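Bear in mind these aren't lab numbers, they're just calculated from the coordinates by the rules spelled out. Computed from a predicted model, the values in this text were never measured in an experiment. Cβ sites come from the backbone with ideal geometry, for glycine too, and all protein chains shown count toward neighbours.
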Amino acid sequence: MFIEPAIEFNKRGWIEVICGSMFSGKTEELIRRLRRARIANLRVGIFKPQTDNRYHPENIVSHDENSIQSIPVSNANAILEQVSTVDVVGIDEAQFFDNTLPDVCDTLAVQGTRVIVAGLDMDYLGKPFGQIPALLSMAEYITKLHAICMQCGNIANYSYRKTGNAAQLLIGNKDFYEPRCRICYAKGDLLK
């Protein structure tokens, strides 16, 4: 009698991207998914760039003040050094990471890890931002969130900068930015 050997379960990984403008709930959604993964008894590793310390030096904190403990890292490769025993990796503010982030996420997914990445898809000029465009092209799942336009109340997908600082990387919150719809963003300072 021939007995077929047991087929070993092959763990499958994938990449999820949560994107949108500032104040659209990206971090809130990331935190929600990571908490649900923990409820399912999955091992979770959570990371953010060291440069983003707006609300807390270590925790990921949403604008609604929900938070979850994370590990600040100086570059994307540092994530690989700390995730050998996790099932799910969460990464916030992905637009601030270096250009190795897409490769890091792909490596994790190939190894069987669920990777959830949140970040701005456009900078304040309305241009593709950081590593998000590359991650969008690689992701199995994409969630685009919208804020509410602070000028007219329609859905907003632009992050309008209220200050004259022209640097692409200006980490801030409501002091520097407000969400705007396409029309109100195009009107720019005329609405002030």
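A few comments on the model shown:
- What the pair-distance distribution of the range 108-156 shows, using all Cα-Cα distances binned every 5 Å from zero, is 5, 16, 21, 23, 16, 10, 6, 2, 2, 0 percent.
- Rg/Rh (Cα only; Kirkwood hydrodynamic radius) as it applies to the range 14-145: 0.92
- Count Lys and Arg as plus one, Asp and Glu as minus one, and take only other residues whose Cβ is under 12 Å from that of D121; the net charge is then +2.
- Were the residues from L125 through Y141 laid out at 0.36 nm apart, the gain over their Cα-Cα distance would be 3.2 nm.
- FRET efficiency for L190 and R12, using Cβ-Cβ distance with R0 set to 35 Å, rounded to 0.05: 0.10
- Estimated FRET transfer efficiency (D106, E81; beta-carbon r; R0 22 Å; 0.05): 0.85
- Estimated at 0.36 nm per residue, the fully extended path between D175 and K162 surpasses their Cα-Cα distance by 3.9 nm.
- Total formal charge among the other residues, if their Cβ is under 12 angstrom from that of Q95, Lys/Arg +1 and Asp/Glu -1: -3
- For D123, D92, D189, order by how many other beta-carbon atoms lie within 10 Å, fewest first: D189, D123, D92
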